[in-house]
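One structure below.
The values are calculated or read from the model by the stated rules, or taken from the named source; none is laboratory data. Please read these numbers as outputs of a predicted model, since none were measured by experiment. Cβ placement follows ideal geometry from the backbone for every residue including glycine, while neighbour counts extend to all protein chains displayed. In case anyone asks, the SASA skips ligands and DNA or RNA and just uses the protein heavy atoms, side chains included. Shrake-Rupley method; radii C 1.70, N 1.55, O 1.52, S 1.80 Å.
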Amino acid sequence: MSTLLRTVEFLTLSLWLGSDVFLSFVVAPGAFRVLASRDEAGAVVGYSLTRMHLLGVVCGIVLLLARLLRTRTPASVVTPAALCVLLMIVLTVVSQIAVSPRMAELRVQMGSIQATAAGDPLLEEFGRLHRVSVTLESGVLLAGFVAMYFMVRELVATH
């Protein structure tokens, strides 16, 4: 049972990291390169980001539950690997609850990001929030890579 639960931990973290990398380096750039307008591309990326956030939070919770079941000690959720996963969850929730909805509101208010004049206060705010969103997602990726390192280190230490 321990091997199965440890596998679930690695699988859920890998799925989350893989989805984040795929969205960041394939879906987003591809949407902006292939679709007819930046507004359409933004809609695709926003839709995908929401789904990825949900997937990530579910993966993080499943990982932590598998870890608790495997170790049978609450101390396992305050190890460096688990704390990195908790940080990933927090950053993702902040992005989804505080940043993404405000960006969506601004999109509606502008009508078209592509047609909004440079220097428009709404566009400036959107740009600022986009930078915050990218920073949060970068933090999720970094914390995930560090979590993977600690999980591998834990595995090696037990063998």
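Can you work out the accessible area per residue across the chain, with the rest of the protein chains kept in place, probe 1.4 Å, in square angstrom?
Numbers: 8910 Å² over 159 residues.
With the other protein chains kept in place, the chain gives 56 Å² per residue.
On the accessible surface of region 37-159, probed at 1.4 Å, how many percent belong to carbon and sulfur atoms?
Working: 4810 of 6750 Å².
For region 37-159, the apolar C and S fraction of the accessible surface comes to 71 percent.
So what's the angle, to the nearest 10 degrees on a 0 to 90 scale, between helix 100-110 and the longest Cα principal axis of the chain?
Its long axis makes an angle of about 10 degrees.
Given a Förster distance of 35 angstrom, what is the FRET efficiency for residue 102 paired with residue 34, based on the Cβ-Cβ distance and rounded to 0.05? Intermediate results must be reported in sequence, preceding the final value.
Numbers: r = 27 Å, r/R0 = 0.77.
E(calc), rounded to 0.05, equals 0.85.
What's the angle, to the nearest 10 degrees (0 to 90), between helix 2-22's Cα axis and the longest principal axis of the chain?
Compared with the principal axis, the helix lies near 20 degrees.
Note down the relative contact order for region 3-159 as a percent, whole number, built from C-alpha pairs under 8 angstrom at least six residues apart.
29 percent
How far is it, in nm, from the label point at residue 154 to the one at residue 86 when both lie 7 Å from their Cα along the line to the Cβ?
For residue 154 paired with residue 86, the spin-label model returns 1.3 nm.
Name the residue, out of 35, 129, 142, whose mean-square fluctuation peaks in a Gaussian network model built on the chain with Cα pairs under 10 Å.
35
Only four residue types carry charge here, +1 at the Cβ of Lys and Arg and -1 at the Cβ of Asp and Glu. Report the dipole size of region 55-147 about the Cα centre in Debye, rounded to the nearest 20. Don't skip to the end; give the middle numbers.
Values: 7 positive and 5 negative charges, 105 e Å.
Charge dipole, region 55-147, about its Cα centre: 500 debye, nearest 20.
So for each of 104-115, 41-52 I average, over its residues, the number of other beta carbons within 10 Å; can you give me the resulting order with the highest mean first?
Values: 104-115: 13.8, 41-52: 17.3.
Output ranking for 104-115, 41-52: 41-52, 104-115.
So if each residue of separation counts as 0.36 nm, and I subtract the Cα-Cα distance between residue 10 and residue 109, what length gain in nm does that give?
Values: separation 99, 0.36 × 99 = 35.64 nm, distance 4.19 nm.
Roughly 31.4 nm would be gained on extension.
Once the Cα gyration tensor of region 1-96 is found, what semi-axes does its equivalent ellipsoid get, as square roots of 5 times the eigenvalues, in whole Å, sorted largest first?
Values: eigenvalues 209, 32, 15 Å².
Largest first, region 1-96 gives 32, 13, 9 Å.
Ignoring ligands and nucleic acids, what accessible area does residue 145 show with a 1.4 Å probe (Å², nearest 10)?
Accessible area, nearest 10 Å²: 110 Å².
Output ³J(HN,Hα) for region 28-40: one whole-Hz value per residue in order, computed from phi by the Karplus curve 6.51 cos²θ - 1.76 cosθ + 1.60 with θ = phi - 60°, and x for Gly and Pro.
4, x, x, 4, 6, 8, 9, 6, 5, 9, 5, 5, 5
Work out the FRET efficiency for residue 69 and residue 130 from their Cβ-Cβ distance, taking R0 = 30 Å, and round it to the nearest 0.05. Mind dumping the intermediate values first?
Values: r = 39 Å, r/R0 = 1.29.
That pair, residue 69 with residue 130, gives E of 0.20.
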